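The next block holds one structure in the form of structure tokens; read it before the comments.
Throughout, read-outs are computed from the coordinates displayed, never taken from laboratory work. Bear in mind the structure is a predicted one, so any value in this text is a computation, not a measurement. As a convention, Cβ positions derive from the backbone with ideal geometry for all residues, glycine included, and neighbour counts pool all protein chains shown.
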């Protein structure tokens, strides 16, 4: 009869072991548009982004810097350490599903009081030794899914941390690429200013010669010198800006700014066409979206943990070994002992503590769900913003190129008219100033286009995919 009752209890425990009090989970619903409305000529729908997305710029220096970032950036290393912590905590939570086995041992000398309360007739020695060696096994029956939900929450949090790591990596990669594009923009501006100073120097020499020959006034010479020195004065400012970008890149690649330099390049990369997939795919490509969804799943599992606290905790215990009061051989059959049996703790009254805990976990899930939906909406906005910038800056660059061409023609014509004596140098100065301003604006637009293409890649999630989340 006792054996039958024991088997029945074991069978009931196994059936209940499949029970979980967590609500059925599905990712929070969010409205997904059919297509990005700002998609245009700067995007390409037929391909997907590569993991090394920066390779599309065809710049070996940028490729090397991104590789250095992956190996030596300290912010990335910190994020990797946070992920390792999350994995360890997930493993710790999952360990509750496996029985714990501990070794026990003692080697003691004891003396008890002669006047010990409830001592039986003064029998037994006042001094004795105690030797003990054994094993103890403890296992909590997960009847209500508390431990499984704790393990599930730990796995989800670890996956969220893995997505956070990829998000940090993408942000750093994009920051490095942005700084690099700005640095190459400064290189282009320095080339422009150096060429401008050379041209202005020739114009200044011309006016000075004409002034000395009496063909021009001192006013013309003064205007030419002012124009020349104004252009020269811009060069140190651009060099300073370039130095700041160079220093930022040094830190991103894990090197001191004092021991790092990037040679000036002859040309900046060309803005690429960026592959853009459907908005629905964005939910699987953005690390921040994946992290928010995993945190919602973890919060859902915590509801099951809180609800399980309403029910008794049943623990199976087994201990055994050998014990004596001293002697030659401890490991003898007469010295053996064992203890076997379940124990349980069941709630009777807690003043509403468990109920409050359930409400708190439900509110935490509602918060995590709202955070997920907001993250998704923000992701769609980021992509639309960068698509708009890429397309509009491309149009602006075309118009700027035409304006620069016209300004150069005007500048050449004004200088020719001055040399022929048909105009004073003020006309030349005005044309030169307009041409330089337009050329600098065109370079600024080019740099902004490159940075906008980088930011679009970042908004699309880089080459990452949710499929890369670890199976914990």
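Placing a pseudo-label 7 Å from each Cα along the Cα-to-Cβ vector at residue 109 and residue 273 gives an inter-label distance of 9.0 nm.
Dimensions of the chain based on its C-alpha atoms, expressed as ranges along the principal axes with the largest first, amount to 136, 54, 40 Å. One Cα centroid belongs to region 342-362, the other to region 367-388; the line between them spans 37 Å. Mean sequence separation of contacting Cα pairs (under 8 Å, at least six apart), scaled by the length of region 254-411, corresponds to a relative contact order of 27 percent.
Per-residue ellipticity at 222 nm computed for the chain from its helices equals -21500 deg cm²/dmol, with DSSP H segments shorter than 4 residues left out and the rest contributing -39,500 (n - 2.57). Applying 1/(1 + (r/R0)^6) with R0 = 60 Å to the Cβ-Cβ distance of residue 260 and residue 100 gives a FRET efficiency near 0.70. Label positions at residue 77 and residue 417, each projected 7 Å from the Cα along the C-beta direction, are separated by 6.4 nm. Label residue 356 and residue 441 with points 7 Å out from Cα along Cα→Cβ: what is the distance between them in nm? In this crude label model, residue 356 to residue 441 measures out at 6.5 nm.
Could you please state, rounded to a whole Å, how far the C-alpha centre of region 147-220 is from the C-alpha centre of region 50-67? If we compute the Cα centre of each part, the gap is 17 Å. Taking a ≥ b ≥ c as the square roots of the Cα gyration tensor eigenvalues, with a/c under 1.5 meaning rounded and otherwise prolate when a/b beats b/c, else oblate, which class fits region 174-307? Here region 174-307 falls in the prolate category.
On the basis of the beta-carbon distance and an R0 of 35 Å, residue 402 and residue 50 show a calculated FRET efficiency of 0.55. Among 311, 349, the order by Cβ neighbours within 10 angstrom, fewest to most, reads 349, 311. Full extension of the chain between residue 247 and residue 345 gives 29.1 nm of extra length, using 0.36 nm per residue less the Cα-Cα distance.
Within the chain, antiparallel bridges make up roughly 95 percent of the DSSP beta bridges whose residues both belong there.
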